[in-house]
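This report refers to the structure that appears directly beneath it.
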Amino acid sequence: MRVLEVALPLPLPPMSYLPPLGAEGEEALGRRVAVPWRGEVRLGVVVGEGGRPSHALRHAIAYLDQGPYLRPEEILFLEEAARYLFAPLGQVLADLLPPFPEVRHRVRLYPGADPGLLPKGLEALTSWQDAKGFDPKLLDPLREAGLLEEEVAFKEGKRVLRPLKEAHPDPELNRVLQTLHSLGQAESLAALARVAGVGVGRVKRLLAEGYVGYGPPLPPSREGKDVAPLFLPERPGRVNGGRLGERVRLLKGLLAEGDHLVLFPEVSLLEKFLEYFPEAKPYHGGLPLWEREAFFRRPGGVVFATYPGLLLPFTPASLVVVEEGSESYKLPSGTRAFIPPLAELRARLLGVPLTYLSLVPAVEVLERPGLTFPVPKPRLLLLDLRREKGFPLTGRAWALLRQVEEKGRQALVLAARKGYSALLLCADCGYKPTCPNCALPLRYHKGGKGRLLCHQCGHEEAPPALCPVCGSTLLEPKGPGLEWLQEVLRQKLSLPVYRYAKDARDDLTPLLQGAPGVVVGTTALLRGPVLPELALVLLPYAEGFLLEADFRAAERYHRLLWALTELRPGRRPLLALQTYHPDHPAHEALLEGSVEAFPWAEKALREALDYPPKVRMVKLEVAHRKEERALAEAYALLEALKGVAREGEVLGPAPAPVPRVKGLYVFHLLLKGSTERLAELLSRLDRRRFKLDPDPHRFVGLLED
């Protein structure tokens, strides 16, 4: 008898099962299957066959698909991705697979079995019963003894009424049918009858005669903006620069013929591009489950997807990754994968070309042969905080805002943090209130009576009236946040001032209609609507986005600045930066008008340090509520690598940039090398003793400020 290797969407390797009883000879590879697991029933995917049958193995319960759900190509990709990410295959499956639809699970005692064998409380199992009504721990012994008959199947997805024929000979029924044609679909018989102004009986007659029927809902139709494709003589490995409209035209040319998969870092950018591609089919986590399930079963055409699109079971003519350097491609949990390397793996395994399309190239893809289109030189003003006067806005910053006011235009003011200020500071002794759970100062929020809040663990307390150390009354806010900027702008400008952050967004309708005003917000503004009269983008404290504790911080900042220049496509608003580092290379790159100069300089620096992309780097994170235990665990990992790791392959252990978060002391080790070498080093370690980040992009690991 064959043995099935079943991957469950859990952080586990595939597990072995015997085929379902009665289905021993059926093809199994790639099908979804229900299996017993720890006293419960779980759904997984058959990813292989092999091994020896054993009396210790249990039978799978039932297949849930008539044919393969995943092809051998997808299974191979999952296996190779698991090797690349140093993760169990089940975890990769959990990250990329859409959620399973709800199942119908019925159970009963096998016909002919003695009802006296049923334990107390399970007497009803002499006939079919919904399994949800019983304790799984009571059912599993019956299952293991071979006394339980089970039926597991997916529940039917959402169905709507749709027209099946063009016309009906009866004029009155034809009018109802044409009403449905104009609607495209109806939620129910009653809904169509209501719109058509007839009784439900007439609609039932159409259904009985086969003129209308039930089917899955149709995706909403879209109208696209007309753009002419821009064709290139040959498909490049990367395309950078140009205006947004030019990149849209380039993408139009790349997708002109055949099926293609285009990956986006986030839904907002996907929808922005979708406006120009009405023929494209979206696939992302924001869609209804039934729509994702239906599309996964029959993918094809031009597909605009976020990262789960990598597992769609079809072979496109090409794969395009948009804005490959975006941090939104980084999965915050699970395998913690960074998606672009997996896209490259997927394209290589399928044997299809891959193109990166972005305004600014990521350092990792610079070596790929490509094209860089000219970029309109940004309008950039650097306000040197070492010389300019005024706080939190300098005199020249106020002058720019008053020009916006006088001309009836619009401005964006970008805050590096939420709340009123980064901290409270005693002017006499330097005391600052700190979170008891995290090695961070408490953020000051001024609303109401004021409060001090930790943006990481949620700890909250009232601000002290006096300094608890020296008794001084001079507790002053430092580091302006969104609320502070909003307050001073409302005091000094007659323009309306709006707030735009992830947690609170004012209605910007007046601005979208062309009214003047100022929006104060976080980087959520990058995903917000386009302001038609935007004339000024102001960063009161540029270092708030630059001074972060990892080697990719400057590259992120450089990408942010270029993204700000495209907040108003077709027009270049003035970008004004208040900064202590006006001569920073990222600023010089904007003044030069080059999207490539800074990434190449950054790449040379990293190569000198043996940092990515010259080698791979993984992060090992150890945390414990006792600092000495966390440090001992970190050194135990280092000790396990002695005699195995070569010079320069291990960095640390060292405290994390924020050494205590949510009551845990955190230490890091960094390993450097090729994928094969890292796998060899990790094989010497007990994976239960640390968390692994296979592609670290931030080293603080904190929540969004």
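Looking for something at pLDDT 90 or above, open to solvent by less than 70 Å² (accessible area, probe 1.4 Å) and outside any strand (DSSP E or B) - is there at least one such residue anywhere in the range 157-164? Checked the range 157-164: no residue is at pLDDT 90 or above, open to solvent by less than 70 Å² (accessible area, probe 1.4 Å) and outside any strand (DSSP E or B).
Evaluating Tyr63 against the criteria (1) over 17 Å from Leu4 (Cα atoms); (2) hydroxyl-bearing (Ser, Thr, Tyr); (3) modelled with pLDDT of 90 or more leaves one unmet condition, (1).
Annotation: Val661 fulfils all but one of (1) over 25 Å from Leu442 (Cβ atoms); (2) aliphatic (A, V, I, L, M); (3) buried (at least 18 other Cβ atoms within 10 Å of the Cβ); the unmet one is (1). Check whether at least one residue in the range 288-306 is within 14 Å of the chain's Cα centre (by Cα), surrounded by fewer than 20 Cβ atoms within 10 Å (Cβ to Cβ) and not charged (D, E, K, R), and report yes or no. For the range 288-306, residues within 14 Å of the chain's Cα centre (by Cα), surrounded by fewer than 20 Cβ atoms within 10 Å (Cβ to Cβ) and not charged (D, E, K, R): absent.
Only one entry of Gly285, Gly253 meets the criterion of being assigned to a loop (DSSP other than H, G, I, E, B) and surrounded by fewer than 17 Cβ atoms within 10 Å (Cβ to Cβ), and that entry is Gly285. A search for C-beta distances below 7 Å between a residue of the range 27-43 that is at pLDDT below 90 and any residue that is among the polar types (S, T, N, Q), counting only pairs 6+ apart in sequence or on different chains, returns nothing. Across the range 180-190, the qualifying residues are those that are within 15 Å of Leu164 (Cβ to Cβ) and part of a helix (DSSP H, G or I), and the one among them that is most open to solvent (accessible area, probe 1.4 Å) is Leu183.
The criterion of at least 3 residues that are open to solvent by 30 Å² or more (accessible area, probe 1.4 Å) and over 19 Å from Ala416 (Cα atoms) is met by the following helices (runs of 4 or more DSSP H) wholly inside the range 503-609: 509-512, 585-592, 597-608. A residue that is out of contact with any Pro (no Cβ under 7 Å at 6 or more places or on another chain), under 22 Å from Glu102 (Cβ atoms) and touching a residue at least 40 places away in the same chain (Cβ under 8 Å) occurs nowhere in the range 185-194.
The lone criterion from (1) within 30 Å of Ala535 (Cα to Cα); (2) out of contact with any His (no Cβ under 7 Å at 6 or more places or on another chain); (3) of a type in the set (Ser, Thr, Tyr) left unmet by Thr434 is number (1). Any residue in the range 58-76 that is within 22 Å of Glu676 (Cα to Cα), open to solvent by 10 Å² or more (accessible area, probe 1.4 Å), touching a helix residue (DSSP H, G or I) at 6+ places or on another chain (Cβ under 9 Å) and of a type in the set (Phe, Trp, Tyr)? The answer is no, given that none of the residues of the range 58-76 is within 22 Å of Glu676 (Cα to Cα), open to solvent by 10 Å² or more (accessible area, probe 1.4 Å), touching a helix residue (DSSP H, G or I) at 6+ places or on another chain (Cβ under 9 Å) and of a type in the set (Phe, Trp, Tyr). Of all residues assigned to the range 191-212, none qualifies as being open to solvent by 50 Å² or more (accessible area, probe 1.4 Å) and touching a Lys or Arg at 6+ places or on another chain (Cβ under 8 Å). Suppose the filter is of a type in the set (A, V, I, L, M), under 30 Å from Leu274 (Cα atoms) and in contact with a Ser or Thr (Cβ under 7 Å, 6 or more places away or on another chain); does Leu161 pass it? Yes; evaluated as a whole, the condition is true for this residue.
Only one entry of Pro441, Pro468, Pro463, Pro433 meets the criterion of being at pLDDT 90 or above and either open to solvent by 50 Å² or more (accessible area, probe 1.4 Å) or more than 28 Å from Phe545 (Cβ to Cβ) (or both), and that entry is Pro468.
If the condition is being among the aliphatic types (A, V, I, L, M) and within 22 Å of Arg568 (Cβ to Cβ), then the range 240-262 contributes Leu244, Val248, Leu250, Leu251.
Which residues, counting only those in the range 383-401, are open to solvent by 40 Å² or more (accessible area, probe 1.4 Å), hydrophobic (A, V, I, L, M, F, W, C) and not in a helix (DSSP H, G or I)? Matches in the range 383-401: Phe391 only.
The values are calculated or read from the model by the stated rules, or taken from the named source; none is laboratory data. Values in this document were obtained by computation on a predicted structure and should not be read as measured data. All Cβ positions, even for glycine, are placed from backbone atoms using ideal geometry, and neighbour counts span all protein chains on display. These area figures cover heavy atoms from the full protein model, side chains too; ligands, DNA and RNA do not enter into them. Shrake-Rupley method; radii C 1.70, N 1.55, O 1.52, S 1.80 Å.
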